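Encoded as structure tokens, the structure appears first; notes follow it.
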Amino acid sequence: MNVLDVESVHARFGAHEVLRGVSLQVARGEWSCLLGPNGVGKSTLLHCIVGRLDPASGEIRISGIRISGESACAAKRRLGYACSPEQLPGLLTGRQCLEVYAIAKDLERIDEDVLALAEELRFAPFMDAFVDTYSLGTRQKLCVLLGLLGNPDLIVLDEAFNGLDPRSSLTLKRHLRERLSADRCGVLLATHSLDIVEHHADAAALLLDGVVAKRWTVDELERLKLLGEHALERAIAEVPNLD
Amino acid sequence: MSWPSIPRTIPRWLHGHPLALSTAVAWVNRIRRLLRRPSVSSFIAITVLVALLFALVALANWASSVMQQALKYSAIVVAASGLYAASLMSRHRRTIETARARTWLVATPLASRGSMQTLMFTVLPLIWRTTAAVTLAVLLTLDSSVSIEQSLQLSALIAVGAAVGGPCGWWLSRRPAMHDKPASRYTPRTRSEPSIAPSTDALAHWPIAQAFAWGRPENARLLLGAAVLTIPGGTGILGALFILGTWTVGYYLVALLIAIPHVGRSALQWLRSTPITFWAFAWPLVRRAFLHQVIGTLAAMGVARALSAALSTSMYLGVIWLALVMLIWAISLADAYRERSFAMKAAISTFAALLAEARVHGLGVAISVFVAILHLHLGASHERA
């Protein structure tokens, strides 16, 4: 069963149509990457998926539940989203952020594996410091921890590895892979890092001019690896612009 | 379930409203941070208390006469209160919607939270401000010249205005759907193919754009309220527009005066790594703003003439204003360029110039021009590493 179904989603700001009928699926246990140049609508698509923006038309379902309308609440219980580091409230401590987030998600307690990940990411010493004293990497760690709270079916990450040191980055990738192996969730990551796509993704989609211009399955990604270094980079460059 | 790091001072029922809970925790943390520095918090508390007491004692007579006047023109009080409430609720709605759209809690099931609590948070600013106004009106009864009946009458007028204006402002500020509006209503449309070439036009426009940004309706609503209150009873529509226009020009000139130091500092932070000279930086920044100051001052002089002021007096006031503009801009830009703080120096120089002008006509202007030229020279001769 898919944890994310995006069907023919259109979104526009005034006359500018950012998304022109995007369709995308993420299966349970699948790590899917969303690629694309700056300004093609990756973040807009993610904002539609997490319910921040209402698309002009089309439908988005998380584990089969529509993210808009009356079912939004039920859909968001199955969603984990790592917000941008600049959105975090500066005057709360990391621990308070986790607690308020847990309350907002109707959780009884903070998940043990999230606390264990905080230790592994070496975030624990910052737990009682104010967010406005954090570095970018520390904020990013907190955003990811918030996104993982509540054992969500779908984890949405927007450039979540930016600012993370290599060790933390590897720890997080391993953690996500563990969750995926246990079929606990699906992951959608918007990224410019082709390294992550080549080594960790099960599927990838390239967004160009507001539509998905190209998809790669896990087999196609494997085949690209056999073609040598920079094969994915060349494959992306060969996709024609749609304008 | 227990959440040990959420302060116990925050009521439990707020846990059902995470956005408000987050704001409340931030406020408690802010106060705790302040209390960690007892000298600062004591100083602030004592200053606020003394200022309040002083205001109550010193302004009691003036306030009671204002109250008598206000009761004579009850319709204006209701209208002013209504306008204020409308602008407050309009702004508040926009703030709430923006906060909801941008919140870090966007992906949580916020929508299930109680609508009654949401409603309470929505009207809270209007309630506490109306309550503050009513309390002030009641406090004025401590002065023997104001009766409790008058105080209650004024309170009722304010409350009626707020009750009518608040919902109207809320309703009027409803937003169109995302796909019906551009990214920002303050972003002008591009009229033609823009050319890209080295130009200082953007620097010249920056302070003006800043002054306009400060003058947005949601920022200038208090001034609008004050301006409406200065329209005497019985004034015709043209007269009222004339008064409001004068306020607008005055506001713009003051905003532009403050905009140059503000923008100058930001521009230097941006351009500090370039080998820009003082004149190449300062002249583009002030040239259009100074032209606006001259035109605005001439307009103000025209208004003063229309209000039967002598030509010499209006010219004299205009010259003083322009001299002060030169003084403040020269000090702020030169000292910002020399990487020095300028606020205190600009304030003291302005005060000294006004004092000198009060003693000897023309002396303050001469001092202003001299100090301005001196700072321009200091800025120009400053060697950059």
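Key figures for this structure:
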{"quantity": "Unmet requirement for residue B:105, which otherwise passes all of (1) assigned to a helix (DSSP H, G or I); (2) over 20 Å from the mean Cα position of the chain (by Cα); (3) not acidic (Asp, Glu)", "calculated": "(1)"}
{"quantity": "Enumeration of residues in the range A:19-31 that are surrounded by fewer than 22 Cβ atoms within 10 Å (Cβ to Cβ), in contact (Cβ under 8 Å) with a residue 40 or more places away in the chain and at negative phi", "calculated": "A:20, A:23, A:24, A:27, A:28, A:30"}
{"quantity": "Residue within the range A:171-187 that is part of a helix (DSSP H, G or I), surrounded by 15 or more Cβ atoms within 10 Å (Cβ to Cβ) and in contact with a Pro (Cβ under 8 Å, 6 or more places away or on another chain) present", "calculated": "no"}
{"quantity": "Residue B:342 in contact (Cβ under 8 Å) with a residue 24 or more places away in the chain and farther than 18 Å from residue B:256 by Cβ", "calculated": "no"}
{"quantity": "The listed residue being within 11 Å of another protein chain (Cβ to nearest Cβ), closer than 25 Å to residue A:52 by Cβ, surrounded by fewer than 18 Cβ atoms within 10 Å (Cβ to Cβ) and modelled with pLDDT of 90 or more, out of A:90, A:94", "calculated": "A:90"}
{"quantity": "Cβ pairs under 7 Å, 6+ apart, first in the range B:7-34 and facing another protein chain (nearest Cβ under 8 Å) and over 16 Å from residue B:100 (Cα atoms), second β-branched (Val, Ile, Thr) and in a helix (DSSP H, G or I)", "calculated": "B:15/A:103; B:25/A:100"}
{"quantity": "From the options A:70, A:99, residue that is at the interface with chain B (Cβ under 10 Å from one of its Cβ atoms), at negative phi, at pLDDT 90 or above and in a helix (DSSP H, G or I)", "calculated": "A:99"}
{"quantity": "Flag for residue B:71 being over 27 Å from residue B:157 (Cβ atoms), assigned to a helix (DSSP H, G or I) and away from chain A (no Cβ under 14 Å)", "calculated": "no"}
{"quantity": "Residue that is surrounded by the most Cβ atoms within 10 Å (Cβ to Cβ) [pool: residues in the range B:1-43 that are among the polar types (S, T, N, Q) and assigned to a helix (DSSP H, G or I)]", "calculated": "B:22"}
{"quantity": "Residues that are within 13 Å of chain B (Cβ to nearest Cβ) and either touching a Cys at 6+ places or on another chain (Cβ under 9 Å) or surrounded by fewer than 22 Cβ atoms within 10 Å (Cβ to Cβ) (or both), drawn from the range A:56-66", "calculated": "A:56, A:57, A:58, A:60, A:65, A:66"}
{"quantity": "Condition met for residue A:167 (surrounded by fewer than 18 Cβ atoms within 10 Å (Cβ to Cβ), more than 14 Å from chain B (Cβ to nearest Cβ) and either over 24 Å from residue A:235 (Cα atoms) or in contact with a Gly (Cβ under 9 Å, 6 or more places away or on another chain) (or both))", "calculated": "yes"}
{"quantity": "Number of positions in the range B:357-385 that are without any contact (Cβ under 8 Å) to a residue 40 or more places away in the chain and either within 29 Å of the chain's Cα centre (by Cα) or not in a helix (DSSP H, G or I) (or both)", "calculated": "6"}
{"quantity": "Scope the range A:36-55; condition away from chain B (no Cβ under 14 Å) and either over 12 Å from the mean Cα position of the chain (by Cα) or β-branched (Val, Ile, Thr) (or both); matching residues", "calculated": "A:36, A:37, A:38, A:40"}
{"quantity": "Of all residues in the range A:141-155 being at the interface with chain B (Cβ under 10 Å from one of its Cβ atoms) and assigned to a loop (DSSP other than H, G, I, E, B), the one that is surrounded by the fewest Cβ atoms within 10 Å (Cβ to Cβ)", "calculated": "A:149"}
{"quantity": "Hits in the range A:1-21 - residues which are more than 9 Å from chain B (Cβ to nearest Cβ) and assigned to a strand (DSSP E or B)", "calculated": "A:2, A:3, A:4, A:5, A:6, A:7, A:8, A:9, A:18, A:19, A:20, A:21"}
{"quantity": "Options A:104, A:116: the member that is surrounded by fewer than 15 Cβ atoms within 10 Å (Cβ to Cβ), small (Gly, Ala, Ser) and more than 13 Å from the chain's Cα centre (by Cα)", "calculated": "A:116"}
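Yes or no, residue by residue, for (1) charged (D, E, K, R); (2) crowded, with 17+ Cβ neighbours inside 10 Å; (3) part of a helix (DSSP H, G or I):
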| site | (1), (2), (3) |
| --- | --- |
| B:296 | no, yes, yes |
| B:302 | no, no, yes |
| B:305 | yes, no, yes |
| B:318 | no, yes, yes |
| B:325 | no, yes, yes |
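This table checks each residue for (1) more than 17 Å from the chain's Cα centre (by Cα); (2) free of Cβ contacts under 8 Å to residues at least 24 places away in the same chain; (3) within 14 Å of chain B (Cβ to nearest Cβ).
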site: A:121; (1), (2), (3): yes, no, no
site: A:124; (1), (2), (3): yes, yes, yes
site: A:129; (1), (2), (3): yes, no, yes
site: A:139; (1), (2), (3): no, no, yes
site: A:157; (1), (2), (3): no, no, yes
site: A:163; (1), (2), (3): no, no, no
site: A:188; (1), (2), (3): no, no, yes
site: A:205; (1), (2), (3): no, no, no
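Matching residues to (1) assigned to a helix (DSSP H, G or I); (2) at pLDDT 80 or above; (3) touching a helix residue (DSSP H, G or I) at 6+ places or on another chain (Cβ under 7 Å):
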| position | (1), (2), (3) |
| --- | --- |
| B:89 | yes, yes, yes |
| B:93 | yes, yes, yes |
| B:111 | yes, no, yes |
| B:144 | no, no, no |
| B:156 | yes, yes, no |
| B:170 | yes, yes, yes |
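The values are calculated or read from the model by the stated rules, or taken from the named source; none is laboratory data. The shown structure was predicted, so the numbers you read here are calculated from the model rather than taken from an experiment. Positions of Cβ are backbone-derived with ideal geometry, glycine not excepted, and every protein chain shown enters the neighbour counts.
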